[in-house]
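This structure is in structure tokens; I'll ask about it shortly.
The values are calculated or read from the model by the stated rules, or taken from the named source; none is laboratory data. Because the structure is predicted, anything quoted here is derived from the model rather than measured. Positions of Cβ are backbone-derived with ideal geometry, glycine not excepted, and every protein chain shown enters the neighbour counts. Heads up: the accessible areas ignore ligands, DNA and RNA and are worked out on the full protein's heavy atoms, side chains in. Shrake-Rupley method; radii C 1.70, N 1.55, O 1.52, S 1.80 Å.
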Amino acid sequence: MIHRALWHVAVAMMLIVAVARAEPRGFHAMDAQDSAAHGATRCGQSGPSEHAIDSVVSANALAPQPPPYWSAPARAGYAIVAIALFALAVWRTGARRRKQAQTDQALLQSEALLNQALWGSGSELWDVDLSTPEGRMRRRNRLDHLKVTRKAECDSLAHYAPFVHEEDRAGFNRALKAAIRGDVDLVEVQYRSQDNNGQWRWLFSRGRVFSRNADGRALRLVGTTLDITEIRAKDEALRLSEERLKLAIWGSGDELWDIDFPTGSLRRENALQSTLIAGEAVFPRLIDYLSYVHPDDREGLTRAFGDHVKGAAGHFEFSYRTRGKRENWVWILGKGSVVARDHWGMALRMVGTNRDVTELKRAEDELRSLNDELEIRVARRTEALEKSNREYKRTLDELTRTQRQLVESEKLAALGGLVAGVAHEINTPLGVGVTAASHLQAEAQALSKRLGEGQLGRAELVRFIDQALQGADLVLRNLDRASQLVRSFKQVAVDQSSEQRREFHLRAYLDEILQSLHPRIRKTDVTVDVQCADSLILDTYPGAIYQIIVNLVINSLTHGFEGRTGNSIRIGAQLEQQCVLIDYFDNGKGMAEAIKRRVFEPFFTTKRGSGGSGLGMHIVYNLTTQLLGGEVSCDSREGHGVHFQLRIPQVAPLESLSDALA
């Protein structure tokens, strides 16, 4: 526009110049006439002569007149047009400068936006001048963490390529050469390059050829480079996760399905091969899949599916039938859940699995039939079992009574042994006392006779007094011994035959028990050592303690010391945290492991044919654990004696002795 305005101004100026050149010829003639007239006047003539006037008129008549386009108004118009055109040219020049300034400002803003975009994306922008031998590069938003940025001698392709991993260098060069030759315009290549720490980073360069020469060879290549190390790591993790998922699905034999609700499509992975639709991986419409479902199951499947999609159910789970490859119906167990919803709560995506449960359903049917049959069998067996239970209960009651009778018999046998032993023990001091009394009686009769005859001398009287004192002392000592035996027997017998609970000194009671067992102990050449504090008091059932100690001693005498000499029994008792710890040792022949495991079992004995009942140690166990509320253990090795340890409360719990013995 400005050029055209200047052209118009130039044309107007040329016209003015041309007119100006034509104007002097007419005006010069008129000037000559005026000069002649003026000269005549100046030479003395008073005024112009007629001849002169005629000459002037003739000359004016003959002089050329200016054309209309060069009249004074025309020239004024031309000047105005020229001025307007000049002003227009000046205005257009200013407008163009303002537009250029706006363009420069927009370019600066575009540059700033480009820099921000590069910084935000983390990409580097590069521009390669391929017309230079080394392929000079201009790089913006450089990836400063790369070694090539700091170590390369200059920015060029020739100096950039050596920093590419040697395994990726061939592909990198091949992609660039294809673009330079003109095979492609777009360059996309992934490769590795080291960072400043020596670690290999994955990069993605993408560029386009902007210009080529007449031969088609690229002259300029522009693109970006992005560090995709983290992206590749995430992609690799995602790939491995997908592979594991596919392997897990394949291993489980399940089918994975994915529904996209906006499109209504259904995608399937690892489709169940037993179904007729095994080959169809994608259903464009969800309703197409429903057509393969058994008619009786469609309503239930649709209702269960809809309840979850609407949010009424936490998850989807339903068993239904679909067509099989063998013109049969295959039972499917479908499970799934909505994994994405929009802000209105509408389902966007749903994922789940299908499992072939045909065999499970068949097994359930068979199990149901079997259960029905079993119910009939159970009813019959229950009736027979109830009858057997009644018989077993009656037999058990009889066995319980028999066991109690045996226990009582064992107690009575022990009491009988106690009576026999005590009777034997009492017989000795009583016999000595009777003998001493008889001898004293005979001496008294002899003295009386001598006195009656008057022959009693002093020496005989002194001897009689001596014998009388010795005999009286012997009688008193043996009677005292018998009295002690009777008292011990009485207390022990009462404790054994009654359920009385009382406080007693354990050491004194152990001595009384051993005193009652003295005849049996003396026959087997056994020494008994009791280690117990005299002040130790128990509040428990003394009859149970008696029965336990007697059974342990009798067990040692009967089983442990048979055919052995140098036998010893050691009984220790001590208070330990409100419990009394009683340790019973003997140095007998011990027990084998098989016998030790069964030592507390009822009716177990190794001397069945020698009068053993097998209840002695069972009674020890029951009395210790039930009546006394404690515990008992046995430790023994064959040839190394036996060790029974009893831990009983110092104050026993309340319980019936007869119940404990039962």
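Could you tell me which numbered condition V189 fails, if it satisfies all but one of (1) open to solvent by less than 40 Å² (accessible area, probe 1.4 Å); (2) under 37 Å from the mean Cα position of the chain (by Cα)?
(2)
If you don't mind, there's one more thing I want to ask. Can you find a residue in segment 310-333 that is part of a helix (DSSP H, G or I) and farther than 17 Å from G253 by Cα? Break it down into steps so the answer makes sense when it comes.
Let us first name the residues in segment 310-333 that are part of a helix (DSSP H, G or I), namely none.
So far as segment 310-333 goes, no, none of its residues is part of a helix (DSSP H, G or I) and farther than 17 Å from G253 by Cα.
Also, I was wondering about something else. Within segment 125-137, is there a residue that is open to solvent by 80 Å² or more (accessible area, probe 1.4 Å), at pLDDT 75 or above and part of a strand (DSSP E or B)?
Yes, segment 125-137 contains at least one residue that is open to solvent by 80 Å² or more (accessible area, probe 1.4 Å), at pLDDT 75 or above and part of a strand (DSSP E or B).
Give the number of residues within segment 299-328 that are more than 39 Å from the chain's Cα centre (by Cα) and without any contact (Cβ under 8 Å) to a residue 40 or more places away in the chain.
Pass one, segment 299-328, residues more than 39 Å from the chain's Cα centre (by Cα): 299, 323-328.
Applying the additional criterion that residues be without any contact (Cβ under 8 Å) to a residue 40 or more places away in the chain yields 299, 326-328.
Here the count works out to 4.
Scan segment 201-248 for residues that are free of Cβ contacts under 8 Å to residues at least 24 places away in the same chain, assigned to a helix (DSSP H, G or I) and of a type in the set (D, E, K, R) and jot them down.
Of everything in segment 201-248, those that are free of Cβ contacts under 8 Å to residues at least 24 places away in the same chain, assigned to a helix (DSSP H, G or I) and of a type in the set (D, E, K, R) turn out to be E230, K234, D235, E236, R239, E242, E243, R244.
Tell me which of these T527 doesn't satisfy, since it passes every other one: (1) β-branched (V, I, T); (2) assigned to a helix (DSSP H, G or I); (3) open to solvent by 20 Å² or more (accessible area, probe 1.4 Å).
(2)
Identify, please: which residue in segment 340-376 is touching a Leu at 6+ places or on another chain (Cβ under 7 Å) and in a strand (DSSP E or B) and is, among those, surrounded by the most Cβ atoms within 10 Å (Cβ to Cβ)? Spell out the reasoning first.
Taking segment 340-376 and keeping what is touching a Leu at 6+ places or on another chain (Cβ under 7 Å), we get 340-342, 353-357.
Keeping just the survivors that are in a strand (DSSP E or B) gives 340-341, 353-356.
Details: A340: 12, R341: 15, T353: 16, N354: 22, R355: 17, D356: 20.
Across segment 340-376, the extreme among qualifying residues is N354.
Mind checking whether some residue in segment 260-280 is farther than 13 Å from G352 by Cβ and part of a helix (DSSP H, G or I)?
no
Mind telling me which of the residues F464, F489 ends up being among the aromatic types (F, W, Y) and at pLDDT below 65?
Numbers: F464 fails: at pLDDT below 65.
The unique qualifying residue is F489.
Return the pair list, or none, for Cβ contacts closer than 6 Å from residues in segment 557-574 that are part of a loop (DSSP other than H, G, I, E, B) to residues that are surrounded by 14 or more Cβ atoms within 10 Å (Cβ to Cβ), at least 6 apart or on different chains.
F561/T524; F561/N567; F561/G588
In the list L418, L412, L399, which residue meets the criterion of being in a helix (DSSP H, G or I), modelled with pLDDT under 75, touching a helix residue (DSSP H, G or I) at 6+ places or on another chain (Cβ under 8 Å) and not acidic (D, E)? Let's see the steps before the verdict.
Working: L412 fails: touching a helix residue (DSSP H, G or I) at 6+ places or on another chain (Cβ under 8 Å); L399 fails: touching a helix residue (DSSP H, G or I) at 6+ places or on another chain (Cβ under 8 Å).
The match here is L418.
Something else: Give the residue, chosen from A340, A347, that is free of Cβ contacts under 8 Å to residues at least 12 places away in the same chain, within 30 Å of G279 (Cβ to Cβ) and in contact with a strand residue (DSSP E or B) (Cβ under 6 Å, 6 or more places away or on another chain).
Working: A347 fails: free of Cβ contacts under 8 Å to residues at least 12 places away in the same chain.
When all the criteria are applied, what remains is A340.
From the list I569, I513, which one is open to solvent by less than 20 Å² (accessible area, probe 1.4 Å) and closer than 16 Å to F644 by Cα? Spell out the reasoning first.
Numbers: I513 fails: closer than 16 Å to F644 by Cα.
Unique residue meeting the criteria: I569.
Now, a different point. Regarding segment 166-174, can at least one residue be identified that is assigned to a helix (DSSP H, G or I), within 21 Å of T229 (Cβ to Cβ), in contact with a strand residue (DSSP E or B) (Cβ under 6 Å, 6 or more places away or on another chain) and open to solvent by less than 20 Å² (accessible area, probe 1.4 Å)?
Looking for residues that are assigned to a helix (DSSP H, G or I), within 21 Å of T229 (Cβ to Cβ), in contact with a strand residue (DSSP E or B) (Cβ under 6 Å, 6 or more places away or on another chain) and open to solvent by less than 20 Å² (accessible area, probe 1.4 Å), one finds at least one in segment 166-174, hence yes.
Going by what's in this entry, would L517 be described as at pLDDT 75 or above and in contact with a Leu (Cβ under 6 Å, 6 or more places away or on another chain)?
Answer is no for this residue.
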